[in-house]
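Asker: Let me give you the structure first, and then I'll get to my questions.
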Amino acid sequence: FCCQLAEKIIRKSADIFLIKEAERIQGIFYFKEKNTLLCCLPKKKKKIAKSLSDFFCTKSIFALAGKTDYIDFLQKALSLSAKEKRIFFLMRHKKKLCVQSSSPLQKDLVACSKKDASDLMPLHTGFFKEEVLPDGKEIYLPSLLRDLEKLLEKQKMLAVEKDGIFVAKVQTNASSKNFTQIGGVYTLPQHRKKGYAEFLTRTITNQICSQEKTPILFVRKENSAALSLYKKCGYKSYGTFCFLYC
């Protein structure tokens with residue numbers, strides 16, 4: 001369910017923790033102070049809840065992310081009050097190439113790199129404000145630019161460029177053994193309803209499928225336009241994922 005957690009395990013992150021009982025793994029999570037906690041907690045036992053409560057009693061968590069029932073269990077175990085709670089559908093592609101006829105947008109397609117970071121900031125900032133930023137929080141642009149530069153170094157980002165300006169983008173966020181997660185699909189408001197998001201989604205989906213991996217993505221339950229787009233591109237909902245701001 002959490003491609004980003006799987007990727008951190010594959011990369012042997014120093015911030016991965018196991019929950020064990022009698023040498024059997026009962027759960028796993030990624031945690032850095034004041035960051036988002038990613039978790040997989042299939043065993044919802046009182047003993048595990050107590051262990052988690054003891055571990056996190058002096059630690060600061062920015063947010064929780066994981067399968068909805070994992071987050072409900074963790075929120076209760078840690079007695080956390082949610083400042084904001086967002087529910088997403090996890091969508092999985094059928095792992096067949098998207099049907100995409102020759103598009104005039106192909107000539108406007110750009111495979112972005114770190115040198116494009118400044119020019120991509122209006123798109124990245126717009127997406128962050130609309131889809132990521134919790135209520136009452138302000139954007140710190142230097143930090144957001146650094147995050148974008150790191151993303152461009154490690155992940156794939158495609159954009160549509162019109163008259164020297166990037167008007168729409170899509171990216172990969174994480175990759176595990178069998179899956180690659182896409183995200184960051186965003187079009188500048190004045191350039192919407194021109195087919196850019198569908199073109200980019202189909203293009204990056206085909207690139208992932210050609211690598212013998214299954215594309216997945218998350219979409220907010222209330223975002224009916226995005227849900228319709230992804231279904232049109234061959235994605236199907238497989239469950240719910242929760243993001244809880246602490």
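None of the figures in this text is laboratory data; all of them are computed from the coordinates on show. It should be emphasised that the depicted structure is a prediction, and the values quoted were computed from it without experimental measurement. In this analysis, Cβ positions are derived from the backbone assuming ideal geometry, glycine residues included, and neighbour counts consider all displayed protein chains.
Asker: With just the Cα atoms of the range 85-141, tell me how far they stretch along each of the three principal axes, in Å, largest first.
Answerer: Result for the range 85-141: principal-axis Cα extents of 43, 32, 18 Å.
Asker: Taking GluC sites (Glu not before Pro) as exposed when DSSP calls them loop (any state but H, G, I, E, B) and at most 16 other Cβ atoms lie within 10 Å, what is the longest stretch of the chain free of them, the sites themselves excluded? Walk me through the intermediate numbers first.
Answerer: Numbers: sites that count: 23, 33, 138, 212, 222.
Counting at most 16 other Cβ atoms within 10 Å as exposed, the longest clean stretch of the chain is 34-137.
Asker: Under Stokes-Einstein, with the Kirkwood radius over Cα pairs standing in for Rh, what whole-number D in µm²/s applies to the range 86-224 at 4 °C and 1.567 mPa s? Walk me through the numbers before you get to the answer.
Answerer: Details: Rh = 15.7 Å.
Value of D from the Cα-based Kirkwood radius: 83 µm²/s.
Asker: Can you list, largest first and rounded to whole Å, the semi-axes you get for the range 1-118 by taking the square root of 5 times each eigenvalue of its Cα gyration tensor? Could the numbers behind the result be given before it?
Answerer: Working: eigenvalues 257, 60, 49 Å².
With the √(5λ) rule applied to the range 1-118, the semi-axes are 36, 17, 16 Å.
Asker: Treating cross-link reach as a plain straight distance, find the aspartates and glutamates whose alpha-carbon is under 20 Å from the alpha-carbon of residue 59, omitting any fewer than eight places away in the same chain.
Answerer: 15, 33, 72, 84
Asker: Percent of Cα-Cα pairs more than 21 Å apart in the range 158-239, please.
Answerer: Working: 903 of 3321 pairs.
Everything past 21 Å amounts to 27 percent.
Asker: Using a 10 angstrom cutoff on alpha carbons, build the Gaussian network for the chain and name the most mobile of 17, 88, 166.
Answerer: Largest GNM mean-square fluctuation: 17.
Asker: Related question: Among the listed pairs 156/236; 83/114; 32/96; 85/236; 95/169, which are separated by more than 28 Å between their Cα atoms? Mind showing how you got there, number by number?
Answerer: Values: 156/236 23 Å; 83/114 34 Å; 32/96 37 Å; 85/236 23 Å; 95/169 22 Å.
In this structure, 83/114; 32/96 exceed 28 Å between Cα atoms.
Asker: Evaluate the Debye formula for the chain with equal point scatterers sitting on the alpha carbons, no solvent, and hand back log10 of I(q)/I(0) at q = 0.16, 0.18 Å⁻¹, in q order, two decimals.
Answerer: For the chain, the Cα-only Debye profile gives -1.25, -1.51.
Asker: Roughly how many debye, to the nearest 20, is the charge dipole of the chain about its Cα centre, given +1 on each Lys and Arg Cβ, -1 on each Asp and Glu Cβ, and no other charges?
Answerer: Working: 45 positive and 24 negative charges, 190 e Å.
The calculated dipole for the chain is roughly 920 debye.
Asker: Over the chain, what is the mean sequence separation of C-alpha contacts under 8 Å (at least six apart), divided by residue count, expressed as relative contact order in percent?
Answerer: With pairs under 8 Å counted, the relative contact order is 28 percent.
Asker: Ratio of Rg to Rh for the range 144-204, alpha carbon only, Kirkwood?
Answerer: Working: Rg = 12.3 Å, Rh = 12.4 Å.
Checking Rg against Rh, the ratio lands at 1.00.
Asker: Could you tell me the relative contact order of the range 174-243? Use alpha-carbon pairs under 8 Å, at least six residues apart, and round to a whole percent.
Answerer: Numbers: 45 pairs, mean separation 23.7, N = 70.
Averaging sequence separation for qualifying contacts and normalising by length gives 34 percent for the range 174-243.
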